[in-house]
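Engineer: Structure below; questions to follow.
The values are calculated or read from the model by the stated rules, or taken from the named source; none is laboratory data. Just so we're clear, the structure is a prediction, and the values are computed from it rather than from any experiment. Reconstructed Cβ throughout: ideal geometry from the backbone, glycine too, with neighbour counts over all protein chains shown. Just so you know, the surface numbers come from the protein's heavy atoms only, side chains and all, with ligands and any DNA or RNA stripped out. Shrake-Rupley method; radii C 1.70, N 1.55, O 1.52, S 1.80 Å.
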Amino acid sequence: MTSLTDRYLAATLRSVPVARREEIATELRASIDDMVEARTADGQDTAAAEREVLTELGDPAQLAARYADRRLYLVGPTYYLAWERLLKRLLSFLPATVGVIVGAIAAVNGDAGGAIGEGVVAALMVALHLCFWVTLVFVVLERLNVPLEGWTVDRLPEERIDRQIPLTDTGAAIGWLVLVIAYLPWQHHRSYVPDGAGGDVPVLDPALWSFWLPFLIAVLITNIGFEIVKYRVGRWTWPLVAVNLLLDLAFAVPVLWLLLTDRLINPELVQRFAWFREGDNLDIVTAVVAATTVLVVLWDVADSIVKAYRSRT
């Protein structure tokens with residue numbers, strides 16, 4: 001029957017280079033014997049002393065890694081900061097960008113219901129691939145000991161910016177605006193009734209294309225530019241609050257006016273679906289859409305005011 005020391009040596013030597021096994025075995029066995037002997041000299045039982053010594057030496061695989069100078073981590077301290085910076089930078093915009101593009105393409109191609117789902121799935125898949133491949137590259141760099149450029153004071157930022165508006169928020173806002181812009185022409189060309197029931201019926205009144213829908217699209221495009229400017233500034237300021245209020249009103253006021261004067265929803269859609277003509281259903285839909293629009297505007301304006309107040313110098 002082999003002793004605990006023999007079993008410990010076998011487990012350790014299994015993971016070290018063959019050329020060094022005999023040397024390591026001799027050195028390690030001598031160390032174990034000396035440590036056991038020192039304990040037994042103080043009157044401790046040999047078996048108990050052997051068990052304690054091997055326990056103190058720890059996991060044989062970890063000991064073997066030290067003998068073989070093998071790293072037991074994916075990305076060590078030399079490469080960790082570079083890995084973290086690159087991964088954060090890529091994750092801050094690339095998944096959201098791909099998700100918005102995929103969602104917009106799905107919406108334009110007629111899959112409005114699944115556009116958001118496809119965009120979210122695409123963003124998650126891009127994020128997973130980024131995490132895997134970036135980490136894999138740095139694992140290879142770690143194992144090959146590829147030198148990285150050393151840090152110098154020249155890499156210090158010119159000035160410290162207390163960024164209140166992260167890139168992720170800007171990406172999400174622009175993505176939402178792009179989807180809304182894509183939806184307006186999409187709904188005009190897609191059917192909302194079963195085949196054979198009379199053809200395509202847009203949700204919004206086609207007469208609005210003479211002015212109001214192009215106007216609303218222009219407001220949304222201006223909002224995209226505003227989001228970019230807001231990100232470059234990095235924080236809410238009172239001029240930005242004022243511009244944000246004007247853009248919110250430029251979109252919400254026409255929508256509310258058209259809605260409350262029965263000019264927003266396509267009359268043919270109301271006639272096609274009996275549900276709209278039952279009781280107060282159409283009035284309820286109008287009230288819900290109007291209330292939601294007002295609440296969203298109030299929330300957005302209040303949020304910008306609070307953030308501008310907090311970031312005041």
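Engineer: Output the residue which, of all residues in the range 185-223 that are outside any loop (DSSP other than H, G, I, E, B) and at pLDDT below 85, is most open to solvent (accessible area, probe 1.4 Å). Outline the logic, then answer.
Structural biologist: At the first step, the residues of the range 185-223 found to be outside any loop (DSSP other than H, G, I, E, B) are 185-189, 204, 206-210, 212-223.
Among the residues that remain, those that are also at pLDDT below 85 are: 185-189.
Working: Pro185: 49, Trp186: 29, Gln187: 0, His188: 54, His189: 124 Å².
Looking at residues that are outside any loop (DSSP other than H, G, I, E, B) and at pLDDT below 85, I get His189.
Engineer: Whether any residue in the range 266-276 is outside any loop (DSSP other than H, G, I, E, B) and either in contact with a Gly (Cβ under 9 Å, 6 or more places away or on another chain) or closer than 27 Å to Gly175 by Cβ (or both) is what I want to check.
Structural biologist: Within the range 266-276, the subset outside any loop (DSSP other than H, G, I, E, B) is 267-272, 274-276.
So of that shortlist, the ones also either in contact with a Gly (Cβ under 9 Å, 6 or more places away or on another chain) or closer than 27 Å to Gly175 by Cβ (or both) come out as 268, 272.
Yes, because at least one residue in the range 266-276 is outside any loop (DSSP other than H, G, I, E, B) and either in contact with a Gly (Cβ under 9 Å, 6 or more places away or on another chain) or closer than 27 Å to Gly175 by Cβ (or both).
Engineer: In the range 10-27, how many residues are in a helix (DSSP H, G or I) and in contact (Cβ under 8 Å) with a residue 24 or more places away in the chain?
Structural biologist: Residues of the range 10-27 that are in a helix (DSSP H, G or I), as a first pass: 10-13, 18-27.
So of that shortlist, the ones also in contact (Cβ under 8 Å) with a residue 24 or more places away in the chain come out as 11-13, 20, 24.
So the count comes out to 5.
Engineer: Further, regarding this structure: Give me the residue from the range 266-302 that is surrounded by 15 or more Cβ atoms within 10 Å (Cβ to Cβ) and among the hydroxyl-bearing types (Ser, Thr, Tyr) and, out of that set, nearest to Ala207 (Cα to Cα).
Structural biologist: The selected residue is Thr286.
Engineer: Just the residues that are within 18 Å of Thr168 (Cβ to Cβ), open to solvent by 50 Å² or more (accessible area, probe 1.4 Å) and touching a helix residue (DSSP H, G or I) at 6+ places or on another chain (Cβ under 8 Å), please, taken from the range 50-100.
Structural biologist: The answer is Leu86, Leu91, Phe93, Leu94, Thr97.
Engineer: Which one of these does Asp33 not meet: (1) surrounded by 13 or more Cβ atoms within 10 Å (Cβ to Cβ); (2) out of contact with any helix residue (DSSP H, G or I) (no Cβ under 6 Å at 6 or more places or on another chain); (3) farther than 15 Å from Leu4 by Cα?
Structural biologist: Only one criterion in (1) surrounded by 13 or more Cβ atoms within 10 Å (Cβ to Cβ); (2) out of contact with any helix residue (DSSP H, G or I) (no Cβ under 6 Å at 6 or more places or on another chain); (3) farther than 15 Å from Leu4 by Cα is unmet by Asp33, namely (3).
Engineer: Take Phe226 and tell me if it is under 19 Å from Leu184 (Cα atoms), part of a helix (DSSP H, G or I) and in contact (Cβ under 8 Å) with a residue 12 or more places away in the chain. Walk me through how you get there before you give the answer.
Structural biologist: Details: under 19 Å from Leu184 (Cα atoms): no; part of a helix (DSSP H, G or I): yes; in contact (Cβ under 8 Å) with a residue 12 or more places away in the chain: yes.
The answer is no for Phe226.
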